[in-house]
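Please treat every number below as a calculation from the coordinates, not as lab data. Note that the coordinates shown come from a computational prediction; the quantities given were computed from them, not determined experimentally. Reconstructed Cβ throughout: ideal geometry from the backbone, glycine too, with neighbour counts over all protein chains shown.
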């Protein structure tokens, strides 16, 4: 999950939680106020009826008729009036009797002065009310239909506004998280412009946290630039300062060998020295090529390459160096039907040459087969031999630098060749696989993407 989305969701969740708490508090206090207001309303209605009966002398039958006719249309409070001896003096509807007052209830009302409670959905209030020299016990009960309807409307309104508010908060959070992370995007865009060709470039620094991050990156870039320059200097030093004296040593040894053919002991010593110098020279060459293959891809030049022409050139070169070698070519298409691939000719020739040399080196009869064919969306190159094969446990590590398997005693090597092949294959975004069986030979397959 991206940081921007995480920030947006976190902001939305926290804001939604705060909004929910406020809405719950509003609903709770609204409900409490409704309850308190309705108790006051029914008590006032009850007091009015007591006044009409006892002070105005209105007939009880008229009040009862008004109650029964209007209780389903408007708010009508069922009122009951008792004297101090708990005798019923008036009741709006004795047959229905919502409250069903008992002596113990009336005793509690008289003792406490006022008692309020809820009876299912009804709100009931019992209180003591004096009229002149008389004191009456009054109960009032009613259902607050309009109040509950208002609460339901409030709940629905808050639910609708809450959902809309969450969507609004998400959009606000997305906007602010995007604005907050814009400097990170700009920093990333600047960093992507820096390659091995322009390691001297630096990111813009600033006083805030992003600026501190840029300063850290700049410090890292300085170290990388120093390391990269040291690597290039090493390659140059290896290529000129070591290869040149090695070439001179080989020349001197070859000349000395010609002059000491009559002395077998000296001849064999010189021959061994010459072989070692050639191995050292090959190792230096492989290390130089490996260093070049590890350059940033952006500084490596790619061009259209004809694979069959490249293979023919390499085979011709190897046969001149090893006249006794046998290399069988199998092109499964006509030469002009093979598509060209985008590659670096120098690096690609090094990789294929290493594969051919390995196949010839570890082949039991000094021969190998090169197969080139078209497959769907790729060009396939296979190098096969009928050599000693590679043990399965060695196949997992065959591309590691300087690793040589159990068959290293069969032929000399530097342990760099296949590492170089793998690195060049990665630079060209190709897949490479090895299929080998002890005593049966090895097949190396490289698939070059087309298009």
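Relative to the longest principal axis of the Cα atoms of the chain, helix 307-321 runs at roughly 40 degrees. Here residue 156 and residue 63 are evaluated by their C-beta separation; at R0 = 45 Å the FRET efficiency comes out at 0.75.
Counting neighbouring beta carbons within 10 Å and listing from fewest to most, the residues 144, 92, 152 come out as 152, 144, 92.
Give the dimensionless ratio obtained when the Cα radius of gyration of segment 3-150 is divided by 2.2 N^0.38 Å. It would help to have the intermediate numbers written out before the result.
On the way: Rg = 21.6 Å, N = 148, 2.2 N^0.38 = 14.7 Å.
Taking the Cα Rg and dividing by 2.2 N^0.38 Å, one obtains 1.47.
With contacts taken as Cα pairs under 8 Å at a separation of at least 6 residues, the chain carries a relative contact order of 10 percent. Rg/Rh for segment 300-449 (Cα atoms only, Rh after Kirkwood) is 0.94. Mean sequence separation of contacting Cα pairs (under 8 Å, at least six apart), scaled by the length of segment 24-174, corresponds to a relative contact order of 24 percent. Sorted from longest to shortest, the spans of the Cα atoms of the chain along the three principal axes equal 155, 52, 45 Å. Report the Cα centroid-to-centroid distance between segment 125-152 and segment 318-387 in angstrom, as an integer. A separation of 104 Å, based on Cα centres.
Packing, as the average of other Cβ atoms within 10 Å across residues, places the peptides 78-90, 416-428 in the order 416-428, 78-90, highest first. Available extension along the chain between residue 195 and residue 9 is 63.4 nm, counting 0.36 nm per residue and deducting the alpha carbon span. Counted by neighbouring Cβ atoms within 10 Å, the residues 349, 125 run from fewest to most as 349, 125.
Based solely on its DSSP helices, what 222 nm [θ] is calculated for the chain when runs of n ≥ 4 H residues each add -39,500 (n - 2.57) and the sum is averaged over all residues, nearest 500 deg cm²/dmol? If you can, show how the numbers build up before the last one.
Working: 11 runs with 245 residues, N = 451.
Using -39500 (n - 2.57) per qualifying helix, the result is -19000 deg cm²/dmol.
Counting every other Cβ atom within 10 Å of each residue's Cβ, 385, 313 order from fewest to most as 313, 385.
Report, for the chain, the % of DSSP beta bridges that are antiparallel, rounded to 5. List each step's numbers first, then the result.
Values: 49 of 55 bridges.
Roughly 90 percent of the beta bridges in the chain run antiparallel, per DSSP.
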